[in-house]
Structures are given as C-alpha cells and as structure tokens.
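Step one of this worksheet: look at the structure below.
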C-alpha cells in the first residue's frame with residue numbers, strides 16, 4: 001500500500017512531461033487555425049481574381065460599343081484573366097439576365113453552378129439584350145478545397161462532388177451601335 005502511495009505522490013508532484021501535455025492540448029487548435037488561414041487565403045485570392053476578371057470583361061464589352069459577344073467568348077475572356085481558378089473552362093458557369101430598372105424584380109438569389117457529380121447541363125440563361133438594356137452577368141466558379149476535412153474547408157458548403165462555389169456579379173448597359 002505504501003508503494004502505491006509513494007508512486008501516486010511522485011506522479012502528482014512530478015513536472016516532467018508538462019510541456020508535452022500542453023502541446024498535445026494546444027497543437028490541434030493551432031493546426032486548425034493554420035489550415036483555415038491557408039484555405040481562406042486561397043479562397044480570397046480566387047474570389048478577388050474572379051471578380052476582377054468579370055469586371056474587366058464587362059468593361060471590355062461596354063467599350064466595344066455595339067458588339068454582343070457570345071457565351072463562349074465571354075467565358076474565355078474571364079478564364080484568361082483568372083488563372084488561379086482551377087480548370088476554369090470546365091468549372092465556370094455564366095448567366096446573363098436582362099434587368100428592367102423601371103419595373104424592378106430582384107433576380108433569383110439561387111444561382112446554379114456546375115456540378116460534376118451530375119450530367120452536363122446546357123447554358124442556364126444567356127440573353128445578350130438589346131440597345132440600352134441593363135444586363136446582369138453572373139459567374140460561378142467551382143473549386144475543390146485544399147483541406148476539405150479540416151478547419152474552414154470542412155465548413156464550406158459543397159456539392160456532391162466535394163466542390164465549393166465562388167459567385168461574382170457585374171452589371172452593364174448594352175450600348176447602342
């Protein structure tokens with residue numbers, strides 16, 4: 001019985017291994033923060049590049065008075081300006097809507113992106129519009145999180161294929177010829 005008491009006394013008063021215990025408790029938290037920070041930086045970079053690529057493309061369309069580029073041409077322009085979006089030509093989906101500013105109706109909030117777990121779907125809605133019409137161009141790019149099972153990558157809403165979405169919007173007026 002005294003052996004047990006002396007062992008318990010040595011065990012409770014010993015301080016060897018305290019740094020290891022603290023490390024084991026704190027390390028997973030810091031690792032999660034580190035992985036989330038890395039994931040967030042990639043998402044922010046991709047989101048910024050998609051927004052900029054869409055803005056530059058819309059600006060180019062506005063300056064080309066009277067031209068009406070088609071879906072594939074606009075998609076190619078956006079993808080050429082956003083090299084950080086993985087497999088852009090496949091994972092980017094565009095939608096162009098005519099908006100009437102005098103009889104305003106909010107466009108649908110839900111925007112369907114590509115879903116690689118489903119069959120390929122055609123272009124959702126892409127209307128070039130007439131002269132002086134307000135156009136809304138929406139782009140949705142899918143990407144696979146770097147750390148899908150940890151930190152921020154785990155909390156992102158993903159489709160059945162494990163891809164998350166970035167959505168950008170831009171508006172412009174279709175200029176007359």
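Modelled spin-label separation between residue 134 and residue 156, with each label point placed 7 Å from Cα along the Cα-to-Cβ direction: 3.3 nm.
Shown for 6, 80: other C-beta atoms within 10 Å of each C-beta, ranked fewest to most, produce the order 6, 80. For the range 136-177, the mean projected area of the C-alpha convex hull, equal to one quarter of the hull surface, is 4.1 nm². Residue exposure proxy: 172, 111, ordered by other Cβ atoms within 10 angstrom of their Cβ from fewest to most, comes out as 111, 172. Length gained on full extension, residue 26 to residue 147: 41.6 nm, using 0.36 nm per residue less the C-alpha separation.
Since every read-out is calculated from the coordinates, none of them should be taken as a lab result. These numbers were taken from a predicted model, which means no experiment stands behind them. Please note: Cβ atoms are built from the backbone with ideal geometry, for glycine as well, and neighbour counts cover all protein chains shown.
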